[in-house]
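Read through the structure below, which is laid out as structure tokens, and then see the notes.
The values are calculated or read from the model by the stated rules, or taken from the named source; none is laboratory data. Here the structure is a predicted model, which means the values were calculated and not measured. Backbone-built Cβ (ideal geometry, glycine too); neighbour counts: all protein chains shown.
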Amino acid sequence: MSMAKEFRDFVARGNVVDMAVGVIIGAAFGKIITSLVNDVIMPPIGKVMGNVNFSDLFVSLEPEKTRGAESLAKAKEMGAAIIAYGQFINTVIDFVIVAACVFLLIKVINALRTAPRQAAETLNRPCPQCLQSIPAKAKRCPFCTSNLEPVAG
């Protein structure tokens, strides 16, 4: 089998296409969360804390180079080595929100997956002869063909 055919077969699989769609949607979702954190959540928190702009918080490793730098952009412009811990705080908050959303999404998906199965299990009963799961209203077992007593209800 040629490498090109193997690659085509690999890409044509449903799981690979689903994964690609997931990555694309995930990237877009990440941008939305970043905007939510930077543009909606952090400004009120900064206002409450005395007009602090978290994205501009930094520590200069070369204070003599960054004298008078009031923002991260100006400190970077001056060419000094800096630790941008404010952006790190924003990134951590991004991660926590994304992780919480993924957690909730998985909980919903798991609930949707188990709900029909639980409903189907309540509509079944075991055959008294072979113990296979059969529909509750069955009159004959499809596995062992024994006649069954009707279920009351």
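Results for (1) out of contact with any Leu (no Cβ under 6 Å at 6 or more places or on another chain); (2) surrounded by 11 or more Cβ atoms within 10 Å (Cβ to Cβ); (3) assigned by TED's automatic domain parsing to the domain that holds E70; (4) free of Cβ contacts under 8 Å to residues at least 40 places away in the same chain, shown as yes or no for each residue.
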{"residue": "A12", "(1), (2), (3), (4)": "yes, no, yes, yes"}
{"residue": "V21", "(1), (2), (3), (4)": "yes, no, yes, yes"}
{"residue": "I25", "(1), (2), (3), (4)": "yes, no, yes, yes"}
{"residue": "G30", "(1), (2), (3), (4)": "yes, yes, yes, no"}
{"residue": "V40", "(1), (2), (3), (4)": "yes, no, yes, yes"}
{"residue": "I45", "(1), (2), (3), (4)": "yes, yes, yes, yes"}
{"residue": "N53", "(1), (2), (3), (4)": "yes, yes, yes, yes"}
{"residue": "L57", "(1), (2), (3), (4)": "yes, yes, yes, yes"}
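On the basis of being out of contact with any Asp or Glu (no Cβ under 7 Å at 6 or more places or on another chain) and either of a type in the set (A, V, I, L, M, F, W, C) or under 18 Å from C101 (Cβ atoms) (or both), does I33 make the cut?
Details: out of contact with any Asp or Glu (no Cβ under 7 Å at 6 or more places or on another chain): no; either of a type in the set (A, V, I, L, M, F, W, C) or under 18 Å from C101 (Cβ atoms) (or both): yes.
Here the answer is no, as I33 does not meet what is asked.
Restricting attention to region 1-25, which residues are at pLDDT below 80 and not in a helix (DSSP H, G or I)?
M1, R13
May I ask you to verify whether N110 is closer than 30 Å to P135 by Cα, outside the structural domain of P135 (by TED's automatic domain parsing) and modelled with pLDDT under 90? Step through it out loud before you land on a result.
Values: closer than 30 Å to P135 by Cα: yes; outside the structural domain of P135 (by TED's automatic domain parsing): yes; modelled with pLDDT under 90: yes.
When the stated conditions are applied, N110 passes them.
Is it true that Q87 is over 21 Å from the mean Cα position of the chain (by Cα), among the polar types (S, T, N, Q), assigned to a helix (DSSP H, G or I) and at negative phi?
Working: over 21 Å from the mean Cα position of the chain (by Cα): yes; among the polar types (S, T, N, Q): yes; assigned to a helix (DSSP H, G or I): yes; at negative phi: yes.
In short, yes.
Under 6 Å between Cβ atoms, which residue pairs at least 6 apart in sequence (or on different chains) link something in region 61-77 that is assigned to a helix (DSSP H, G or I) with a partner that is not small (G, A, S)?
L72/D56; L72/F58; A75/F58; A75/T66; A75/I82
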